[in-house]
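Q: One structure follows; several queries about it will come next.
The values are calculated or read from the model by the stated rules, or taken from the named source; none is laboratory data. Since this is a predicted model, take the numbers as computed values, not measurements. Here the Cβ is made from the backbone with ideal geometry for all residues, glycine too, and neighbour counts use every protein chain on show. Heads up: the accessible areas ignore ligands, DNA and RNA and are worked out on the full protein's heavy atoms, side chains in. Shrake-Rupley method; radii C 1.70, N 1.55, O 1.52, S 1.80 Å.
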Amino acid sequence: QVQLVESGGGLVQAGGSLRLSCAASTRTFSNYAMAWFRQAPGKEREFVATISRSRGITYYADSVKGRFAISRDNAKNTVYLQMNSLKPDDTAVYYCAARYYSGGSILPSDYAYWGQGTQVTVSS
């Protein structure tokens, strides 16, 4: 079992930046593909970004391309989501997810492990 703990959420003005962190409690963190999803009130959970376990290949949702960047530090068992040029539409609970595969996926059902989420609120 892998435990994931997100941090770094908060309130930020539109156009601002925020960096989310997700710490994983596994000794084999480098073997997991990681991802970020988000869920706004009244909406379904949507894909944000993913990063592969070996070569660090990344993939982003069209809505965040050019603004968000996912990265990982295997020595610290941590994945990050750098969010720049934030918009009010980015307001949501952001979830960290992990799956024991080399590559990531855009589907929530493909991930076995999830954090509890961290709230990101972007004011206009």
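Q: So TYR60 ticks every box in (1) surrounded by fewer than 17 Cβ atoms within 10 Å (Cβ to Cβ); (2) under 11 Å from the mean Cα position of the chain (by Cα) but one. Which box is left unticked?
A: Here TYR60 meets the rest and fails (1).
Q: Any residue at all in the range 20-27 that is open to solvent by 50 Å² or more (accessible area, probe 1.4 Å), out of contact with any strand residue (DSSP E or B) (no Cβ under 7 Å at 6 or more places or on another chain) and among the polar types (S, T, N, Q)?
A: Scanning the range 20-27, I find at least one residue that is open to solvent by 50 Å² or more (accessible area, probe 1.4 Å), out of contact with any strand residue (DSSP E or B) (no Cβ under 7 Å at 6 or more places or on another chain) and among the polar types (S, T, N, Q), so the answer is yes.
Q: Now a separate question. Is one or more of the residues making up the range 47-57 under 12 Å from ALA97 (Cβ atoms), in contact with a strand residue (DSSP E or B) (Cβ under 9 Å, 6 or more places away or on another chain) and open to solvent by 20 Å² or more (accessible area, probe 1.4 Å)?
A: yes
Q: Take the residues in the range 75-86 that are more than 13 Å from the chain's Cα centre (by Cα) and surrounded by 15 or more Cβ atoms within 10 Å (Cβ to Cβ); name whichever of them is modelled with the highest pLDDT.
A: Restricting to residues being more than 13 Å from the chain's Cα centre (by Cα) and surrounded by 15 or more Cβ atoms within 10 Å (Cβ to Cβ), the top hit is LEU86.
Q: Now, a different point. When the residues of the range 106-124 are narrowed to those that are of a type in the set (Gly, Ala, Ser) and at pLDDT 95 or above, which ends up nearest to SER30 (Cα to Cα)?
A: Within the range 106-124, the match that is nearest to SER30 (Cα to Cα) is ALA112.
Q: Look through the range 1-56, keep the residues that are aliphatic (A, V, I, L, M) and more than 16 Å from the chain's Cα centre (by Cα), and return whichever of them is farthest from VAL79 (Cα to Cα).
A: Of everything passing the filter in the range 1-56, ALA14 is farthest from VAL79 (Cα to Cα).
Q: With respect to SER30, determine if the residue is farther than 18 Å from THR121 by Cα, in contact with a helix residue (DSSP H, G or I) (Cβ under 6 Å, 6 or more places away or on another chain) and open to solvent by 20 Å² or more (accessible area, probe 1.4 Å).
A: Against the criterion (farther than 18 Å from THR121 by Cα, in contact with a helix residue (DSSP H, G or I) (Cβ under 6 Å, 6 or more places away or on another chain) and open to solvent by 20 Å² or more (accessible area, probe 1.4 Å)), SER30 qualifies.
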